[in-house]
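Undergrad: Got a structure for you, questions after.
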Amino acid sequence: MKRNDIRNIALIAHVDHGKTTLVDGMLKQSGIFRENQKVDERIMDSNELERERGITILAKNTAVRYNDIKINIVDTPGHADFGGEVERVLKMVDGVLLLVDASEGPMPQTRFVLGKALSLNLKPVVVINKIDRPDARPYEVIDEVLNLFIDLGASDEQIDFPIVYTSARDAVAKYDLNDSGYNLKPLFDTIINSIPAPEGDVDGPLQLLVTNLDYDDYVGRLAIGRIIRGSITGGQQVSVVKKDGTVVKGKIGTVYQYESLKRVAAESALMGDIVAVSGIPDIEIGETIADVDFPEAVEFVEIEEPTITMS
Ligand code: GDP
């Protein structure tokens, strides 16, 4: 089954290229394009956003809505130092936004992350940001990005990446630099049209690959990951497949999904959803939460720590 109601994407950007500003803009415009909905009801108050910004950094998961489609955005560490972590984060998504400063161009530190994304066959969208800068040189930067893709051995299909031009500062996106931009609609549309919807078996035995951890004072440790197969319900009995293959039994507490910058309790979640679950106090990254009677691990290859090459 295809989950046409979700897209799972990762944001790859060099520090200061505008990741936070762009996500803030997407949050502010989240839901406003839906018809028959009062615009201002949906826009998050910017003070509220400011207060929650600290949480983003910890949670690293954000969800925005566009035309009844939920876009889960996961952050990727900008540096190659987090080799293993990058691979795990990328396991949650079907596509990546490569955000590049229109003046600075692609930076060597994002090369490793992009290379990983391409080798995992994820669909890339290139976002050229800060087009309002007086020293912006967008066409040259696109050439540099293209060379980077070629260098990294991208497939023909990946090299044919869609491009969106943005000023995250002004919350504006365009398909063409000559267009007048009003909002981020072209970016939302490109994500929906270019990045594949999650596809898999909704009815099969549960598999949730744990790719991140979080902590909550009330419910304790939370396992974060994507449901690879089946569905999960609060209170459900499960098997946990450890990295050495041993299986232990457990019981899910609450299932949470992401809405804006918050975790929201949900009755259940399905294949393709990115969730946080409580109830398994000693869960670790890389383990699989599986059907209680069918403890099958998600294949998960740990990669070697890379060496950063500055070119
Ligand atoms: P991050 O490190 O990638 O999260 O980058 P930030 O979103 O914090 O942005 C870094 C700096 O660039 C901040 O001072 C932003 O105000 C600025 N910035 C972000 N987007 C734009 C843009 O589209 N145009 C201009 N001129 N500045 C921007």
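Undergrad: How much length would be gained if the chain were fully extended between Tyr215 and Lys249, taking 0.36 nm per residue of separation minus their Cα-Cα distance, in nm to one decimal?
TA: 10.1 nm
Undergrad: List the residues, sorted by chain then number, that are 5 or more residues from Ile6 or on another chain and whose placed amide H is less than 5 Å from its amide H.
TA: Lys70
Undergrad: Ok, one more. Assign unit charges at the C-beta atoms only (+1 for Lys and Arg, -1 for Asp and Glu), then state the dipole size of the range 141-191 relative to its Cα centre in Debye, rounded to the nearest 20.
TA: Working: 3 positive and 10 negative charges, 73 e Å.
Roughly 340 debye for the range 141-191.
Undergrad: Please give the contour-minus-distance gain from Asn4 to Ile192: 0.36 nm per residue of separation, less the Cα-Cα distance, rounded to one decimal in nm.
TA: Between Asn4 and Ile192, full extension yields an extra 66.8 nm.
Undergrad: Give me the percent of DSSP beta bridges within the range 239-301 that run antiparallel, rounded to the nearest 5.
TA: Of the beta bridges lying entirely in the range 239-301, close to 100 percent run antiparallel.
Undergrad: Starting from the 7 Å offset along Cα-to-Cβ, what nm value, one decimal, do you get for the label separation of Arg169 and Glu85?
TA: Result: 2.9 nm between the two label points.
Undergrad: Ok, one more. Under a cut-off of 16 Å between alpha-carbon atoms, report the lysines in cross-link reach of Lys251, not counting same-chain residues fewer than 8 places apart.
TA: Cross-link targets: Lys242.
Undergrad: Another question, then. Where in the range 171-200 is the amide nitrogen less than 13 Å from a point lying 7 Å along the Cα-to-Cβ axis of Asn67?
TA: 185-195
Undergrad: When ligands, DNA and RNA are left out and all protein chains stay put, how many square angstrom of accessible area per residue does the range 153-229 have with a 1.4 Å probe? Kindly include the intermediate steps, with their values, before the conclusion.
TA: Working: 3580 Å² over 77 residues.
Result: 46 Å² of accessible area for each residue.
Undergrad: With +1 on each Lys and Arg Cβ and -1 on each Asp and Glu Cβ, how big is the dipole of the range 200-283 about its Cα centre, in debye rounded to the nearest 20?
TA: Computed about the Cα centre, the dipole is about 200 debye.
Undergrad: Please give the length that would be gained between Asp293 and Lys242 if that part of the chain were fully extended, namely 0.36 nm times their separation in residues minus their C-alpha to C-alpha distance (nm, one decimal).
TA: 16.8 nm is the gain from fully extending Asp293 to Lys242.
Undergrad: What is the packing order of peptides 270-282, 150-162, taking the mean over residues of other C-beta atoms within 10 Å and listing the highest first?
TA: My ranking of the peptides, most packed first, is 270-282, 150-162.
The values are calculated or read from the model by the stated rules, or taken from the named source; none is laboratory data. In this text the structure is predicted, and so the values were computed from the model without any measurement. FYI the Cβ positions are ideal-geometry reconstructions off the backbone, even for glycines, and counts take in every protein chain you see. To get the accessible areas, we keep the full protein, side chains included, count just its heavy atoms, and leave off ligands, DNA and RNA. Shrake-Rupley method; radii C 1.70, N 1.55, O 1.52, S 1.80 Å.
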